[in-house]
Ligand code: ME8
């Protein structure tokens, strides 16, 4: 066997039901794990739930349940969702499992035996929401991570000699791959440089946790308990031979994937615990940004969550996976919106890959009775250009993917889809198909073979991202089970002529206008009814996936026609009233006169503009946007602003005076 690959997600707290923020991390890891398996690595992918601590104990109390009952319920929801989403995790660890408790105690013992634990008294501030000791804070101070008020804790605790590891940790960060991306690495370095105090690693004023070995009045600090999952799940501390072998094989982890808010725990505490225990360190800790919804981090406490079920019910698993990897620039925050999801789905999947598959395969069906035709040796430069572009796509895609640049990698692969679309339009196979002379037949075969080969390559590359639909396209290409593909050997000119196509069916039916509204309604109602995904609706009800090769399809290279633009109604409006939206730092509620009526709009510009400065100001608004609810307020249109990376939005305006209601065109 070649190399091994071990990847983990954070283990999620069971105080809240899963949302697409959790799904994002899990999908990213699933995609990486699938790709590693296809490259031949002996892969282990771990996820699970974090079930101890004061935060969970309190959430259970509020729900009128015991912590165990509560944890069982929510952990079950996570597991069920991952199954539904086809997540390929090799194990699911719960910190309330016996195996985890015993092995975590073993880790505690080992650190203690190595002389890094002592008893002391902690008096200070604690944030229950982040389960964080806030060093140096005074009563009433907010938590530096979440901003909530901290609580004063005064108790006898066990302390970990974190201060002993300051220099060693700084040496570790010298390796640029250890903490990624760079911004997070710098953040960690400056935190550690500012000085490390010893860390309390037990609590003694509540009991929902793993007892400290030989002193059961204390429970182990929930972050030590939680971080230990990465080694307990694969057998650390077990006396069982099989488990020990698994630990030897898979540890250290190749990637701990996390959200940026838990960098400190993973990049400072965790390596220090491992160093103290004399264990090898993970190879990389990779932190991604947040998924935002309605301008804020999606989280249960803000109440602005979107559940994965809603999207899966309506557009399917692969649409969600593709959207999150393509739309969010990995490492940065990314906004989620149903509009953007449906737009991407239609542009890249229905009209992009789906249309390429359906037109290529339909023509092979029609002109070659469903058998991949042979390529004739040709001096035609357009064929060679596709071959070269495809080879280049493979190497660029792989390099970008390995650097966690998923969005760029997909952009590159879809660039090939665009090129092949253009190639088909230029070579007009539908005209060649009408001629019977041998030269036209030969040329037709070459064009369709070339298109099918490029389709095969994009499908193979996209498989880890969209396992379900690419498996379908692969089978339609007559290539059998895509899971048997060795991705490391993928290259141009591997499609055998004479391959019989499978049954051709649309893979990404177009999402119609009502799709956004349907998903919004499902979220508003809170509980998503299961509706049939478009791919499973009866054939008669399905939108036709443009199989008609007679007319050249429009080339989707990101350009729109003047008619497309005309659909957007941009108007001059004047702000009549403006106020902050309660509980949302970035939102303003505006009343805007657009000539024919005064509209209510909710805009994410509160950090850039004080409400009173906007009164009377002329702005540009998108007047025919479907209404949507933000923070319970209906927003009827969108204000146009330049959006600056890392900066504040700047409103569009006019140098000359313009009448209210004037249309921009
Ligand atoms: O922190 N955008 O658990 P948690 C992107 N139990 N990712 C998000 C997200 C969002 N809006 N919301 C959540 C914990 N996540 C601890 C971890 S690990 C030893 C213990 C993802 O339930 C992201 O990966 O609060 C984030 O780090 C994680 O869920 C936090 O999950």
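Each reported figure results from applying straightforward, stated rules to the coordinates on display, with no laboratory input. In this text the structure is predicted, and so the values were computed from the model without any measurement. Glycine gets a Cβ as well: all are built from the backbone with ideal geometry, and neighbour counts include every protein chain shown.
Extension gain, residue 600 to residue 248: 0.36 nm times the residue separation minus the Cα-Cα distance gives 120.6 nm. Counting other Cβ atoms within 10 Å as a rough exposure proxy, the listed residues 294, 434 run 434, 294 from fewest neighbours to most. The convex hull of the Cα atoms of the stretch 121-193, projected and averaged over all directions, covers 5.7 nm². Neighbour counts of C-beta atoms inside 10 Å place 98, 512 in the sequence 98, 512, starting with the fewest.
With viscosity set to 1.306 mPa s at 10 °C, what whole-number translational diffusion coefficient in µm²/s follows for the stretch 25-107 from Stokes-Einstein and a Kirkwood radius over Cα pairs? It comes out at roughly 110 µm²/s.
With both labels modelled 7 Å from their Cα along Cα-to-Cβ, the residue 489 to residue 191 distance reads 4.5 nm. Looking at the stretch 335-411, the pairs of alpha carbons with a distance over 16 Å make up 71% of the total. As an equivalent ellipsoid, the chain spans semi-axes of 47, 35, 21 angstrom, where each value is the square root of five times an eigenvalue of the C-alpha gyration tensor, largest first. Between residue 439 and residue 88, the distance separating the two model label sites (each 7 Å from Cα on the Cα→Cβ line) works out to 4.8 nm. How high is the FRET efficiency between residue 114 and residue 371 when r is their beta carbon distance and R₀ equals 51 Å, given to the nearest 0.05? Rounded to the nearest 0.05, the efficiency is 0.15. Taking the number of Cβ atoms within 10 Å of each Cβ as an exposure proxy, the fewest-first ranking of 393, 232, 66 is 66, 393, 232. Extending 7 Å from the Cα toward the beta-carbon at both residue 580 and residue 73 defines two label points whose distance is 3.5 nm. Enclosing the Cα atoms of the stretch 385-429 in their convex hull gives a volume equal to 48 cubic angstrom per residue.
When both the stretch 316-357 and the stretch 130-182 are represented by their alpha-carbon centers, they are found 37 Å apart. Computed log10 I(q)/I(0) for the stretch 119-256 at 0.12, 0.16, 0.18 Å⁻¹: -0.64, -1.08, -1.25, from the Debye equation with unit scatterers placed on every C-alpha and solvent omitted. Computed over the alpha carbons of the stretch 243-401, Rg followed by Dmax gives 22.8, 69 Å. Summary of packing: across the peptides 364-374, 189-199, the per-residue average of other C-beta atoms within 10 Å ranks them, highest first, as 364-374, 189-199.
In nm, what is the difference between 0.36 nm times the number of residues separating residue 207 and residue 622 and their Cα-Cα distance?
That works out to 143.9 nm of additional length.
The length gained on full extension between residue 63 and residue 514, counted as 0.36 nm times the residue separation minus their Cα-Cα distance, comes to 158.7 nm. Peptides 218-224, 407-413 ranked from most to least packed give 218-224, 407-413, packing being the mean of other C-beta atoms within 10 angstrom over each peptide's residues.
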